[in-house]
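Quick notes on the structure that follows.
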Amino acid sequence: MARDRLSPKQAKENAALFWSRGWAIITPHCQRRMNERNVSFNDITYLLNHGEVVDDKSVYDDENMAWEYFIAGVDVEGVALAAIFSIDSEDSEIILITVRDI
């Protein structure tokens with residue numbers, strides 16, 4: 001069953017909270033992209049705390065039956081950075097899908 005879409009504010013708050021508590025899954029694809037782009041865990045923390053979820057770039061993933069949220073901002077050095085994440089169906093952890101330059 002599909003879960004309701006979170007508001008950008010709620011998606012950001014949940015993601016930052018879950019990340020800060022270590023309630024996170026980083027997909028293998030995301031880990032590769034982090035390595036390729038030299039994105040650190042501190043960069044992700046900064047992005048989740050200071051970035052903005054872009055509502056019109058958030059999409060529903062039919063295969064995983066989950067909303068994917070797009071967050072844009074900067075890393076700890078001020079370099080533009082974006083990430084795509086979802087919140088698991090039990091609303092208990094963030095799933096980091098990928099990171100990318102913007």
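The values are calculated or read from the model by the stated rules, or taken from the named source; none is laboratory data. Values in this document were obtained by computation on a predicted structure and should not be read as measured data. For neighbour counting, all protein chains shown are included, and Cβ atoms are generated from backbone atoms with ideal geometry for every residue, glycine included.
Would you check if residue 16 is surrounded by 15 or more Cβ atoms within 10 Å (Cβ to Cβ) and at pLDDT below 95?
Taking the combined requirement at face value, the residue satisfies it.
Which of the residues spanning the stretch 51-83 are more than 16 Å from residue 34 (Cβ to Cβ), among the small types (Gly, Ala, Ser) and surrounded by fewer than 16 Cβ atoms within 10 Å (Cβ to Cβ)?
78
Among (1) in contact with a Phe, Trp or Tyr (Cβ under 9 Å, 6 or more places away or on another chain); (2) modelled with pLDDT of 95 or more, where does residue 61 come up short?
(2)
Of all residues in the stretch 27-85 being part of a helix (DSSP H, G or I) and touching a helix residue (DSSP H, G or I) at 6+ places or on another chain (Cβ under 6 Å), which is farthest from residue 17 (Cα to Cα)?
55
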